[in-house]
Amino acid sequence: MKKIIVFTILAATATLLAQHPASPAHAGETDTVHSITLPEIPPTLKDGPGKDKVITLCAICHTPDYIPMQPRLPAKTWDAEVHKMIKAFGAPINEEDAKVIINYLTTEYGTGK
Ligand code: HEC
């Protein structure tokens with residue numbers, strides 16, 4: 001089993017090296033500053049109190065689009081979902097912020113229950 005893993009890693013490394021050979025064309029370009037502009041992908045969340053916290057705290061690990069992708073959920077399911085992010089996945093969100101977020105999710109993406 002170990003041999004297979006080592007072989008796989010070697011094969012993957014070889015493939016990467018083959019695709020990106022050290023290019024002499026870029027040697028010596030150390031004093032040139034290159035910049036790129038990343039595309040802005042606007043979050044598609046509904047406006048409402050707490051939206052800013054959701055964007056700051058819930059989009060650390062994945063797109064906030066995971067929220068509107070869910071069916072409308074009752075308050076206790078959103079509560080469980082937020083606490084799953086905190087307990088199971090380690091989201092750095094304190095109880096005070098969690099309450100604001102759960103309230104936002106229940107109001108904007110809830111079932112009214
Ligand atoms: C520490 C990383 C992290 C943070 C921060 C985080 N999540 Fe997640 N989230 C995950 C992971 C991991 C999954 C499941 C794996 C996947 O499908 O990407 C997930 C999945 C989800 C899903 C899909 C349904 C599910 O349970 O799999 C929803 C909805 C969701 N997160 C909402 C939130 C909300 C709301 C917040 C803010 C309170 C949040 N997440 C913050 C890591 C995080």
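Here, each number is a calculation from the coordinates, and none is a lab measurement. Quick caveat: nothing in here was measured; it's all calculated off a predicted structure. Using ideal geometry, Cβ is built from the backbone for each residue, glycine included, and neighbour counts are taken over all protein chains shown.
Descriptive notes on the structure:
- Unit charges on C-beta of K, R, D, E only; dipole of the stretch 51-109, Debye: 140
- Shape call, the stretch 51-109: gyration tensor on alpha carbons, a/c limit 1.5: rounded
- Summed residue charge, Cβ within 14 Å of LYS51's Cβ, Lys/Arg positive, Asp/Glu negative: -3
- Reachable aspartates and glutamates, given that their alpha-carbon falls under 12 Å from the alpha-carbon of LYS51 and they are not under 8 places away in the same chain: ASP97, GLU108
- Gain on full stretching of the segment that runs from HIS34 to ASP65 - 0.36 nm per residue minus C-alpha separation: 8.0 nm
- The phi torsions of the stretch 81-92, fed into the Karplus equation with coefficients 6.51, -1.76 and 1.60 and a -60° offset, translate into couplings of 5, 5, 5, 5, 4, 6, 7, 7, 10, x, 4, x Hz, rounded to whole numbers, with Gly and Pro shown as x.
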